[in-house]
Amino acid sequence: MTGQELRELFLSFFEKKGHRRVKSASLVPERDPTLLFVNAGMVPFKDVFLGVEKRPYTRAVSCQKCLRVSGKHNDLESVGFTSRHHTFFEMLGNFSFGDYFKKEAIEYAWEFVTEHLKIPREKLYVSVFVEDEEAFDLWRNHIGLPEERIWKFGEEENFWQMGDTGPCGPCSEIYVDRGADYEPERYLEIWNLVFMQYNRDERGNLTPLPKPNIDTGMGLERVASVLQHTRTNFEIDLIRPLITFGEELSGKAYGEDYERDSALRVIADHLRALTFAIGDGVLPSNAGRGYVVKRILRRAMRYGYKLGIQEPFLHKGVELVVELMKEPYPELLQVKSFIKSVIRGEEERFINTLRRGMPYAEEFLQKVDGLIPGELIFNLYDTYGFPLDLLEDMAREKGLRLDMEGFQREMESQRERTKKHFRAEKESTKPVYHHLKELGKTTTFLGYEETSLHTEVVAILKEGEVVSELKEGEKGEVFLKETPFYAERGGQVGDKGTVEGSQCLFFVEDTQSPLEGVIAHLGYVTKGSLKVGDKVFARIEVERREDIKRNHTATHLLHAALREVLGEHVRQAGSLVSDQYLRFDFTHFQPLTQEELKKVEELVNEQIRKNQPVKVEEMDYHSAIKSGAIAIFEEKYGERVRVLSVGDFSKELCGGTHVNRTGDIGYFKIVSETSVGAGLRRMVAKTGRWAVEEAFEERRTLLETARLLGVSPEEVQGAVLRLMEELREKEREIHRLKERFFTGGATSSLRKEELGEVELYFGLLEGVEPKEMLALADSVRNKSDRAVVFLLSKRDDKASSLIALSRPIVGRLSAKELIKVVSQHLGGGGGGRDDLVQGGVNSLQGLELAISELKSAIINRFTEVRT
């Protein structure tokens, strides 16, 4: 039975039992921002089990794609070295939400395994929780399984719980006896039936649930291995072709050597993981999910390197993964090219790191015994950019440990050496803000409804210290009882404005919130003095706030438009919402075409013209996610959240300020789209009056350019192209003339001196480029087989140098040695070969002495050779 047939057989079987077939969710959890990846079949149903979500069905069946690479379920380090561990795998599962329970779950499992998978009954064993007499009785008396084939295990093996508190219950596992030939994995677990019948409270007490649930999980790859009689999961029809792919690339056969087999298994597994993760929009990066993907890719690359594959190769396997998995996951076909380009780009960057650092890493590991010194680790990390996680893998394989404390000391020393150039670490929240919060000096934000209000000063900070008063001209931070000022958060900048008392005026330059509930109004007193307890009138700059609102709502529209035009892999990776422009970072691997930019801009402006209402709702987090709102993984959300929606076009969690209707934005214009890192793009745009100003400026520039070129605005592009071609032709003509000059009579401008068996040619040139100096040297060397050419060229404030030798005298003389002689008097230096060195000099003041020393060095060297 093929893997495809097994998957369909399972889903169809439970559909006939009244279960709703549910499509696999994305590997990125939509309803749980605390989880990096979906790592079990029940994750998409987590809220249903918790009772916070209702679905129109009580029975479900799914084949869920899973990734186990982080947290408690992290199988990354085991992959390749065992027969069953994977990063990516598919989990078959049937679920009951308060419908059937143990009896039916056990009946269904037994029927499917014995009648549909046709595994002989006598080869099946089960395990139950030692205290679960109900399950034991069902297996023994209802199913008729002999008592000796029912194993009782404790809580560690056969009791499952979602977390420290919440739904939990005993479980029962089904095992297959594969026979003595499969030792030490003779008894293989193929299915886990979880009976969620209790709720565990903070004290550990178990209370029966009013409606118990069923959650089962069967690894597709593991069961396929049993049905296809393979020794490991890696030989099944869904994975073995990827092993073959590795064999063909490396020229190494599978099944002959443990180390080689492990490497081929790593490549096969990680190819699947990368294809599916990137297909779901997770791009390699240095944080969060992206870092996990980058680590998987690096690990696969290193094992390819061990097999002798020293070029980018993983991207070539994407085609095969898609071919094997396109039937159940047709969406892979749509993003196949994108996945390949992402992997290829990351491979090319990393292969350079491996080439530079791997020989040194292997050399270091051979020299040490037991503990690798921190100094060596730091040298690899700092000099060659060698990843620590790969070094840990390599050390583990050789039974070595890393001195991470020593490494951290070296890192700290480096920070001390460079701290005058940059701040190495971000400052934590100052204790004074915690102190204010403990004293109850918090602020109620009323800025969603109000732009000005009467309030009271509750605290003042000056130079980080609590004070009771700020005098005219003094800077400080003011804390109010209530405020209309929005504090910088979620990418939106803080408000500006004024705080006015009867005897004072405080100008607010920025608003920040160092702690939840603590809002600091940063600024200075322009008149009088401001005291704690003063009754004041707080007013924001309304026009600036309106500009910010336009940009913030436009950011949401932009996000939705990008996902519609480019695909669902687009995810927000950062943003800045200011009054004059918006900046939006998002996941995408290649520059947008002009056509794509046009579509995005048109989509956003279409929504603006529709003048749709911008709906803001406050609800509990789970209800918001259930409603389809997008949550940003890095953001932290409380129990209550604000949901901002624009019709059916956009729906996101957001705490910022927004316009009432999309028409209030007026106009949206993209200013630029650039790269900010591997797999990350950045778009800058403007709205409202600033977008109009941008359009006017572009038009003015176009008209002025047309005037200068003497053409109409419509003819500017053609005129510029013609002008560029004319310039290129002029440059080519200049280059031809210079070549003719340097290969012709230019040598006559050089000084020539006979030094015994050698001819020394020297010239001090003006404004000659290095490549032209080389052409001149070559023309001299082509005419003489005993020439030493020494050239200097002054260009602006710089001076270039060249020493070249005719081939016949290389060996008796070396250009690299002669440049050292010259550099002693002129400074600078250069790099190259024994016959040619080019570089620079710091000063020409010691030129005559340098030439004299050069002559002496040539004569002395030939004297030594003759002797």
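Observations on the model:
- Leading residue by the ranking (farthest from the chain's Cα centre (by Cα)) among those in the stretch 581-614 that are crowded, with 16+ Cβ neighbours inside 10 Å and part of a loop (DSSP other than H, G, I, E, B): 612
- Contact map, the stretch 81-100: residues that are assigned to a loop (DSSP other than H, G, I, E, B) paired with residues that are among the charged types (D, E, K, R), Cβ distance under 6 Å, separation 6+ or inter-chain. Pairs shown: 85/75; 86/269; 87/269; 98/211; 99/59.
- Scope the stretch 343-368; condition more than 13 Å from residue 302 (Cα to Cα) and of a type in the set (Gly, Ala, Ser); matching residues: 345
- Lone qualifier among 593, 662 - being under 15 Å from residue 557 (Cα atoms) and of a type in the set (Ser, Thr, Tyr): 662
- On the stretch given as the stretch 810-828, residues that are within 13 Å of residue 791 (Cα to Cα) and surrounded by fewer than 16 Cβ atoms within 10 Å (Cβ to Cβ) total 0.
- Scope the stretch 542-582; condition within 24 Å of residue 290 (Cα to Cα) and of a type outside the set (A, V, I, L, M); matching residues: 555, 556, 559, 563, 564, 567, 568, 569, 571, 572, 574, 575
- The helices (runs of 4 or more DSSP H) falling completely within the stretch 202-320 include none with 2 or more residues that are polar (S, T, N, Q), over 30 Å from residue 679 (Cα atoms) and in contact with a helix residue (DSSP H, G or I) (Cβ under 6 Å, 6 or more places away or on another chain).
- Single residue of the stretch 315-364 satisfying the filter (among the aliphatic types (A, V, I, L, M) and within 21 Å of the chain's Cα centre (by Cα)) that is most open to solvent (accessible area, probe 1.4 Å): 335
- Candidates 731, 726, 704 - the one that is in a helix (DSSP H, G or I), open to solvent by 100 Å² or more (accessible area, probe 1.4 Å), over 30 Å from residue 789 (Cβ atoms) and at pLDDT 80 or above: 726
- Every residue from the stretch 829-845 that is in a loop (DSSP other than H, G, I, E, B) and open to solvent by 50 Å² or more (accessible area, probe 1.4 Å): 833, 834, 842, 845
- Test for residue 555: is it under 23 Å from the mean Cα position of the chain (by Cα), polar (S, T, N, Q) and open to solvent by less than 20 Å² (accessible area, probe 1.4 Å): yes
- Unmet requirement for residue 258, which otherwise passes all of (1) in contact (Cβ under 8 Å) with a residue 40 or more places away in the chain; (2) under 17 Å from residue 81 (Cβ atoms): (1)
- Selection count, the stretch 491-508, where residues are polar (S, T, N, Q) and crowded, with 22+ Cβ neighbours inside 10 Å: 1
- Candidates 431, 514, filtered to the one that is open to solvent by 60 Å² or more (accessible area, probe 1.4 Å) and either at pLDDT below 95 or in contact with a helix residue (DSSP H, G or I) (Cβ under 8 Å, 6 or more places away or on another chain) (or both): 431
- Residues that are free of Cβ contacts under 8 Å to residues at least 40 places away in the same chain and either open to solvent by 60 Å² or more (accessible area, probe 1.4 Å) or touching a strand residue (DSSP E or B) at 6+ places or on another chain (Cβ under 9 Å) (or both), drawn from the stretch 195-209: 198, 199, 200, 201, 202, 203, 205, 206, 207, 208
- Residue match in the stretch 561-578 (condition: touching a Phe, Trp or Tyr at 6+ places or on another chain (Cβ under 6 Å) and assigned to a loop (DSSP other than H, G, I, E, B)): yes
- Odd one out for residue 783 among (1) open to solvent by less than 80 Å² (accessible area, probe 1.4 Å); (2) closer than 24 Å to residue 862 by Cβ: (1)
- Search result, residues across the stretch 441-450 that are β-branched (Val, Ile, Thr) and surrounded by fewer than 14 Cβ atoms within 10 Å (Cβ to Cβ): 444
- Conditions (1) out of contact with any Pro (no Cβ under 6 Å at 6 or more places or on another chain); (2) open to solvent by less than 10 Å² (accessible area, probe 1.4 Å); (3) of a type outside the set (A, V, I, L, M, F, W, C); number of the one not met by residue 295: (2)
- The set of residues in the stretch 517-541 being open to solvent by less than 10 Å² (accessible area, probe 1.4 Å) and in contact with a helix residue (DSSP H, G or I) (Cβ under 9 Å, 6 or more places away or on another chain) consists of 518, 520.
- Residue within the stretch 662-670 that is in contact (Cβ under 8 Å) with a residue 12 or more places away in the chain, in a strand (DSSP E or B) and open to solvent by 30 Å² or more (accessible area, probe 1.4 Å) present: no
- Filter result (at pLDDT 95 or above and open to solvent by 70 Å² or more (accessible area, probe 1.4 Å)) within the stretch 451-465: 454
- Residue within the stretch 760-777 that is touching a strand residue (DSSP E or B) at 6+ places or on another chain (Cβ under 9 Å), surrounded by fewer than 18 Cβ atoms within 10 Å (Cβ to Cβ) and of a type in the set (Ser, Thr, Tyr) present: no
- Considering only residues in the stretch 237-282 that are of a type in the set (S, T, N, Q) and surrounded by fewer than 24 Cβ atoms within 10 Å (Cβ to Cβ), the one that is nearest to residue 568 (Cα to Cα) turns out to be 244.
- Odd one out for residue 797 among (1) over 22 Å from residue 766 (Cβ atoms); (2) surrounded by fewer than 17 Cβ atoms within 10 Å (Cβ to Cβ): (1)
- Residues of the stretch 475-490 satisfying the condition of being under 20 Å from residue 448 (Cβ atoms) and open to solvent by 30 Å² or more (accessible area, probe 1.4 Å): 481, 482, 488, 489, 490
- Meets criteria (open to solvent by 20 Å² or more (accessible area, probe 1.4 Å), modelled with pLDDT under 95 and under 24 Å from the mean Cα position of the chain (by Cα)) for residue 73: yes
- Considering the stretch 674-690, and only residues there that are buried (at least 22 other Cβ atoms within 10 Å of the Cβ) and touching a Ser or Thr at 6+ places or on another chain (Cβ under 9 Å), the residue that is nearest to residue 291 (Cα to Cα) turns out to be 679.
The values are calculated or read from the model by the stated rules, or taken from the named source; none is laboratory data. Predicted, not measured: the structure shown is a model, and the values here were computed from it. Methodologically, a virtual Cβ is constructed for each residue, glycine included, from the backbone with ideal geometry; neighbour enumeration extends over all protein chains shown. Just the protein is used for accessible areas: all its heavy atoms, side chains included, with ligands, DNA and RNA removed. Shrake-Rupley method; radii C 1.70, N 1.55, O 1.52, S 1.80 Å.
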